[in-house]
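Remarks on the structure that follows.
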Amino acid sequence: MASLALPVIASGSGLERYIRDVQKFPMLEAQEEYMLARRYLDHGDMEAAHRMVTSHLRLVVKIASGFRGYGLPFAEMVSEGNIGLMHAVKRFDPEKGFRLSTYAMWWIKAAIQEYILRSWSLVKVGASQAHKKLFFNLNRIKHRIRAADDGNLTHEQVSQIANELGVDEEDVVAMNHRMIASDRPLNATMGGDSDTQWMDVLPDERDNQEVMLGEYQEATQRQNKLRDALGQLNERERDILSGRRLTDPAVTLEELSQKYGISRERVRQIENRAFEKLQALVAPQVKALPAPKA
């Protein structure tokens, strides 16, 4: 799949040109998509795979546009989303009865979100599901409730966001400040008649080096144990457990039942069995994984 040649976003006015380029690729009818998928699955036909990928590049642009509020290069988000799309095409099974766009959407979002979290690691987003949910939904909710253009929130808005996302108000305020700071040059003035620059008022929230080293080593050990444990699951167990407990928002039982052609109850059984395997290997870490709603 890596050999596929795709359009790229050039510097300057490349975004507009890229969008025009990807719109030139025709969208596929259901039967045509099915035949291309079968050609790739049965014969490894790379031309068929290329047509499936290029016909969905506009979907990547649409999904990536929803993440532009994080201050990261749009071209990079599109590139990461395209990688997710290629993974989706590689694993797509047309016999499951749903379209490639429905299946690929999850892979594209996951790839872009992973890139954003990697890029924001210095901002200390937080590792919990609640922090990730806050991170990826804060701007959307602020826009919906018509928060001030400068990004500042009133007490009522903070309370509303905290209640809606199930997080502490302090976390909402802290995350909002970090995201505001990321969108402004640090040497820009705060506005009004003040000559004070943003870098002058940003608090130093860093821990001392000993604490940071200890947290890093502990997090690395947990990640290594979890990765090794996940590697002992089969592909279906790993995919279901990751979708249900390591993805935000969690993939629903219905979506996974359609993906694998099994019942919702069977999906739940596989999830529980895979979770029990992980508990036996890394119980202190895996017990913290939240059980999603159906």
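The values are calculated or read from the model by the stated rules, or taken from the named source; none is laboratory data. What you see is a predicted model, and the numbers here were worked out from it, not measured in a lab. Positions of Cβ are backbone-derived with ideal geometry, glycine not excepted, and every protein chain shown enters the neighbour counts. Accessible surface areas use protein heavy atoms only, side chains included; no ligands, DNA or RNA. Shrake-Rupley method; radii C 1.70, N 1.55, O 1.52, S 1.80 Å.
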Worksheet item: Ordered by packing density, taken as the mean number of other Cβ atoms within 10 Å over each peptide's residues, highest first, how do 270-276, 238-244 rank?
Response: 238-244, 270-276
Practice prompt. Please list Leu36, Leu117 in order of solvent-accessible area, largest first, computed with a 1.4 Å probe with all protein chains present.
Written response: Leu117, Leu36
Worksheet item: Label-point separation (nm) for Asp168 and Asp93, each offset 7 Å from Cα along Cα-to-Cβ?
Response: 4.4
Practice prompt. For each pair in Lys24/Lys142; Lys62/Lys277; Lys133/Lys277; Lys90/Lys142; Lys96/Lys277, compute the distance between the two Cα atoms and list the pairs where it is over 29 Å.
Written response: Lys24/Lys142; Lys62/Lys277; Lys90/Lys142
Worksheet item: Given a Förster distance of 30 angstrom, what is the FRET efficiency for Thr252 paired with Leu117, based on the Cβ-Cβ distance and rounded to 0.05?
Response: 0.85
